[in-house]
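Structure, as structure tokens:
Read-outs: derived from the displayed coordinates by stated rules, not from any lab. Here the structure is a predicted model, which means the values were calculated and not measured. Positions of Cβ are backbone-derived with ideal geometry, glycine not excepted, and every protein chain shown enters the neighbour counts.
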Amino acid sequence: MFVMDFSSAPRVTVMGLGRFGGGLGVTRWLAERGAKVLVTDLAPADSLREPLRELQPLLDSGAVTTRLGEHRADDFRTADLVIANPAVPRPWENPHLNAARDAGVPITTEMRLLVERLPRERVIGITGTAGKSTTAAMIHHALRRANLHSHLGGNIGGSLLASLETIQPADWIVLELSSFMLWWLGEGVGHRNATAWSPHIAVLTNLSPNHLDWHGTFEDYAAAKENIFAAQTRDDHEIRGETAGTQPDDDIPLRIPGTHNQINARLALEAVHRATGLSPARLTSLLDDFTGLPHRLQLIAEYEGQRFYNDSKSTTPNATELAVRSFGDAGCVHLIAGGYDKGSDLSSIAALASELAGLYTIGATGKQLAEAAGGESHDAWYADTLNRAVERAMARMKPGDVLLLSPGCASWDQFAHYEERGDHFVSLVRDSMTPSQTTLP
């Protein structure tokens with residue numbers, strides 16, 4: 001555990017507030033303990049208005065100061081501790097983090113501060129290219145249905161640092177862990193006496209190329225994911241999607257569609273079984289009222305026999321293919337795909353075009369994706385914007401068809417985040433319908 005004497009008012013540099021406040025939780029936690037916190041972010045103040053508004057009381061008191069629109073090496077060299085935002089790409093070559101390393105300044109992350117203070121034997125960690133959020137939410141839901149106290153955090157559920165004092169010894173902590181977080185929990189160890197960390201129960205849903213812009217290669221990305229198991233002992237539990245998730249059991253009663261969600265459910269229930277020892281017969285009923293997560297194959301409307309699904313969280317080609325296959329007959333699916341270019345191979349999405357009722361491509365990868373799919377002669381249209389894609393798709397839909405937003409790409413070229421993209425899709429669909437003829441879930 002990283003131990004700091006907060007009575008001496010240590011100087012802590014938090015690298016990255018984030019437009020959506022990713023650094024808020026750790027900044028508050030540090031300030032509440034008496035640290036003098038400098039938050040530095042490359043983004044200017046006008047693009048950080050909301051998180052700055054939430055920090056205003058700490059800014060007014062002088063507990064927190066900011067350096068916005070730039071990073072300065074001296075802020076890293078002269079700190080007593082640096083908190084790195086895990087989203088900072090290739091942290092091993094970042095000049096500002098290297099300035100801290102060269103000066104002997106310890107570097108850590110919010111997630112490492114958290115896990116070093118948790119009872120590891122009560123932690124269930126989930127990672128994977130696709131399905132990790134849903135699987136984590138399912139585990140949390142099933143534990144609560146079993147009348148057990150559970151806390152959900154990590155990539156989903158928000159910061160748990162502020163909840164440390166409320167977590168009881170018998171509680172379970174469910175953490176969704178990104179490859180970035182796991183890099184810092186493994187080979188990215190950044191302070192003296194720190195060792196690699198893995199949860200007591202670890203789940204890896206699946207692996208396919210993703211975040212190559214951050215990691216550099218698929219091998220490095222996969223190695224970061226494998227860190228979820230690297231520090232486990234023989235008393236811990238390792239659960240992998242290619243084994244536990246694909247056992248030929250009967251379907252689990254679920255309200256959300258798709259074979260991949262059946263796999264997610266099996267992984268979730270296997271984790272709960274390892275944690276609690278509950279019988280399989282008891283476990284299957286714990287997810288029968290799980291309604292899924294927003295932006296993950298979310299049914300948003302039914303209209304004149306047509307269904308509309310928001311799967312904006314799909315940011316990899318594999319996730320998009322899984323979403324399409326969840327409907328059985330791809331011939332009824334009108335797919336909207338494309339977006340920010342993360343360097344992923346989108347050929348599997350292009351190959352779907354011959355099976356789909358239509359492919360409508362958007363964003364930075366849209367033109368190339370439509371061309372790879374064969375263009376309009378193969379029912380693949382480059383729409384550029386989500387507005388045009390929805391308009392063209394709805395004009396071609398027939399009763400029984402499905403309109404599916406499952407981009408297979410990140411949103412950053414046209415939207416601030418996948419939630420904004422999904423919310424915009426929901427608004428476009430619902431605004432185009434006659435309320436009296438629309439069924440909204």
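Report, in whole Å, the centroid distance computed from the Cα atoms of region 3-57 and region 66-125.
Centre-to-centre (Cα) distance: 12 Å.
Can you list the HN-Hα couplings for region 276-288, worked out from phi with the Karplus curve (6.51, -1.76, 1.60; θ = phi - 60°), rounded to whole Hz and with x for Gly and Pro?
Once θ is set to phi - 60°, the couplings for region 276-288 become 10, x, 4, 6, x, 5, 6, 5, 4, 7, 6, 10, 6 Hz.
State the extension gain, in nm to one decimal, for the chain segment bounded by Arg49 and Ser377, taking 0.36 nm per residue of separation less the distance between their alpha-carbons.
113.5 nm
Can you find, among Thr66, Pro89, Gln56, the residue sitting farthest towards the positive end of the charge dipole of region 1-134, where Lys and Arg contribute +1 and Asp and Glu -1 at Cβ?
The residue sitting farthest along the positive end of the dipole is Pro89.
If you stretched the chain out fully between Thr195 and Arg388, how much longer would it get, using 0.36 nm times the residue separation minus the C-alpha to C-alpha distance?
Between Thr195 and Arg388, full extension yields 64.4 nm more.
Of Lys132/Lys225; Lys313/Lys398; Lys313/Lys342, which sit over 18 Å apart, Cα to Cα?
Distance filter (> 18 Å) returns Lys313/Lys398.
Take the chain, mark every one of the trypsin sites (Lys or Arg not before Pro) that falls in a DSSP loop and has at most 12 other Cβ within 10 Å, then report the longest stretch left between them, sites excluded.
Values: sites that count: Arg192, Arg234.
Answer - 235-441.
Tabulate in residue order the Karplus-calculated ³J(HN,Hα) for region 174-189, using 6.51 cos²θ - 1.76 cosθ + 1.60 with θ = phi - 60°, rounded to whole Hz; enter x for Gly and Pro.
10, 10, 7, 10, 7, 4, 5, 4, 5, 4, 5, 7, x, 5, x, 3
How big is the dipole moment of region 166-240 about its Cα centre under a simple scheme where the beta carbon of each Lys and Arg is +1, that of each Asp and Glu is -1, and everything else is neutral? Debye, nearest 20, please.
120
Answer with one residue from Thr134, Thr195, Trp184: the one whose Cα lies farthest towards the positive end of the charge dipole of region 121-198, charges on Cβ with Lys, Arg +1 and Asp, Glu -1.
Farthest towards the positive end: Thr134.
To the nearest 10 degrees, how steep is helix 49-61 against the longest Cα principal axis of the chain, on a 0 to 90 scale?
20
With +1 on each Lys and Arg Cβ and -1 on each Asp and Glu Cβ, and nothing else charged, work out how big the dipole of the chain is about its Cα centre, in Debye to the nearest 20. Don't jump to the answer; show the numbers that get you there.
Numbers: 39 positive and 53 negative charges, 157 e Å.
It works out to roughly 760 debye.
Based solely on its DSSP helices, what 222 nm [θ] is calculated for the chain when runs of n ≥ 4 H residues each add -39,500 (n - 2.57) and the sum is averaged over all residues, nearest 500 deg cm²/dmol?
The helix contribution divided over the chain gives -9500 deg cm²/dmol.
How much length, in nm to one decimal, is gained on full extension between Asp413 and Thr166, taken as 0.36 nm per residue of separation minus their Cα-Cα distance?
Extra length available between Asp413 and Thr166 comes to 84.9 nm.
How big is region 112-287 along each principal axis, measuring the range of its Cα positions in Å and listing the largest first?
For region 112-287, the Cα spread along each principal axis is 47, 38, 30 Å.
Could you give the angle, 0 to 90 degrees to the nearest 10, between helix 418-431's Cα long axis and the longest principal axis of the Cα atoms of the chain?
Tilt relative to the chain: about 30 degrees.
How far is helix 218-230 tilted, in degrees, relative to the longest principal axis of the Cα atoms in the chain, given as a value from 0 to 90 rounded to the nearest 10?
60
Would you tally the net charge around Arg145, using a Cβ to Cβ cut-off of less than 11 Å, leaving Arg145 out, and scoring K and R as +1, D and E as -1? Don't skip to the end; give the middle numbers.
Details: positive: Arg144, Arg282; negative: Asp288, Asp289.
That works out to 0.
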